[in-house]
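A.B. asks: Before I ask anything, here is the structure I am working with.
The values are calculated or read from the model by the stated rules, or taken from the named source; none is laboratory data. Given the structure is predicted, the values throughout are model-derived calculations rather than measurements. Cβ sites come from the backbone with ideal geometry, for glycine too, and all protein chains shown count toward neighbours. Side chains are part of the model used for accessible areas, which takes the heavy atoms of the whole protein and leaves out ligands, DNA and RNA. Shrake-Rupley method; radii C 1.70, N 1.55, O 1.52, S 1.80 Å.
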Amino acid sequence: MKLYLSSFRLGDHPERLVALMPAAGRIAVICNSIDTEDPDVRREKVEAELTWLTELGLRADELDLRDVTGEDLRARLASYDGVWVRGGNVFVLRAAMARSGADKILPDLIRDEQLVYAGYSAGPCVLAPSLRGLELCDDADAVEGDIIWDGLGLLDHAFVPHLNSPGHPETELLEKVAELYDRTGVPYLPLRDGQALLINGNHREVV
């Protein structure tokens with residue numbers, strides 16, 4: 001697998017993401033974690049993600065999971081070298097992945113290294129075995145219908161971003177998540193803003 005999982009935005013070493021991608025690689029930007037926000041605000045946030053990634057030399061465009069499903073989604077993803085999954089509400093993101101079939105398609109493509117998976121906050125959090133505990137930070141009731149508690153299982157541990165990050169509004173909430181995991185024996189990776197987990201095949205490091 002090739003993963004670049006940041007605590008917040010691009011992190012301090014975005015060049016490590018670029019190194020995982022082919023030159024001028026195509027990257028699909030998935031922002032469905034903010035689907036419940038005002039459409040104009042959502043649009044501005046999507047444009048910001050596209051700008052940051054384009055400035056790195058990547059060819060970025062949005063892939064909205066509300067617009068494509070099943071084999072059509074698989075075909076769309078096959079045209080990209082990577083995906084960038086934005087932070088937001090992890091439960092809203094998980095629901096969008098289930099509706100579109102991305103939760104079945106992405107793990108296969110990532111394990112086969114046909115796609116680099118990158119992103120921050122909710123984007124990495126959704127890769128854990130379970131999302132339980134994250135309701136202390138994100139509003140699970142923002143999801144229409146049943147809440148999906150299972151993560152995609154590409155990581156064998158939980159991912160807890162924004163710890164020891166005084167400038168981030170959710171740092172205290174994520175401390176509560178980490179405390180819960182400590183009490184209940186849930187393995188997790190703690191990251192502060194600026195850090196990212198890099199996985200490239202058998203190589204794994206926090207940068």
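A.B. asks: In square nanometres, what is the average projected area of the Cα convex hull of region 63-176?
C.D. replies: 7.2 nm²
A.B. asks: Positive end of the dipole of region 51-131, charges at C-beta (+1 Lys, Arg; -1 Asp, Glu), about the Cα centre: which of T54, V83, P124 has its Cα farthest in that direction?
C.D. replies: P124
A.B. asks: Could you tell me whether region 6-90 comes out rounded, prolate or oblate from its Cα gyration tensor? Rule is a ≥ b ≥ c as square roots of the eigenvalues, rounded for a/c under 1.5, then prolate if a/b exceeds b/c, otherwise oblate.
C.D. replies: oblate
A.B. asks: Kindly identify region 149-190 as rounded, prolate or oblate by the Cα gyration tensor criterion: order the square roots of the eigenvalues as a ≥ b ≥ c, call it rounded if a/c is under 1.5, otherwise compare a/b with b/c, prolate if a/b is larger, else oblate.
C.D. replies: Cα axes put region 149-190 in the prolate bin.
A.B. asks: In region 23-163, what % of DSSP beta bridges are antiparallel (nearest 5)?
C.D. replies: Roughly 10 percent of the DSSP beta bridges within region 23-163 come out antiparallel.
A.B. asks: Another one. Which entry in (1) 242; (2) 120; (3) 111 matches volume of the Cα convex hull per residue in Å³ derived from the coordinates of this structure?
C.D. replies: Of the listed options (1) 242; (2) 120; (3) 111, (3) comes from this structure.
A.B. asks: Counting only residues 5 or more places away or on other chains, whose amide H sits under 5 Å from the amide H of R59 once H atoms are built in the peptide plane?
C.D. replies: For R59, whose amide H was placed from the backbone, the distant partners under 5 Å are G25, R26, I27.
A.B. asks: Ok, one more. Using only alpha carbon positions, build the gyration tensor of region 53-129, then give the equivalent ellipsoid semi-axes as the square roots of 5 times its eigenvalues, largest first, whole angstrom.
C.D. replies: Three semi-axes, in Å: 17, 16, 13.
A.B. asks: Something else: When the chain is modelled as a GNM with alpha-carbon springs shorter than 10 Å, which of V160, V143, V41 fluctuates the most?
C.D. replies: Greatest mean-square fluctuation among the candidates belongs to V41.
A.B. asks: Each residue of region 195-205 in order: what ³J(HN,Hα) in whole Hz does its phi give by Karplus 6.51 cos²θ - 1.76 cosθ + 1.60, θ = phi - 60°, with x for Gly and Pro?
C.D. replies: My calculation for region 195-205 gives 8, 8, 8, 10, 10, 9, x, 7, 8, 9, 7 Hz in order.
A.B. asks: If you don't mind, there's one more thing I want to ask. Over the chain, average the accessible area per residue using a 1.4 Å probe and give it in Å², no decimals.
C.D. replies: 45 Å²
A.B. asks: When Rg is the radius of gyration of the Cα atoms in region 138-207 and Rh is its Kirkwood radius, what does Rg/Rh come to?
C.D. replies: When Rh is taken as the Kirkwood radius, the ratio is 1.00.
A.B. asks: Here's something else I'd like to know. Only bridges whose two residues both fall in region 101-207 count here: according to DSSP, what percent of them are antiparallel, nearest 5?
C.D. replies: 60 percent
A.B. asks: If I compute solvent accessible area with a 1.4 Å probe over the protein chains, what percent of it on the chain is carbon and sulfur?
C.D. replies: 46 percent
A.B. asks: With Cβ to Cβ distances under 12 Å as the rule, what net charge do the other residues near A196 carry (K, R +1; D, E -1)?
C.D. replies: Local charge sum for A196: 0.
A.B. asks: Using the crude model of +1 on Lys and Arg Cβ and -1 on Asp and Glu Cβ, and no other charge, please compute the dipole size for the chain relative to its Cα centre, in debye to 20.
C.D. replies: Dipole of the chain, to the nearest 20 debye: 620 debye.
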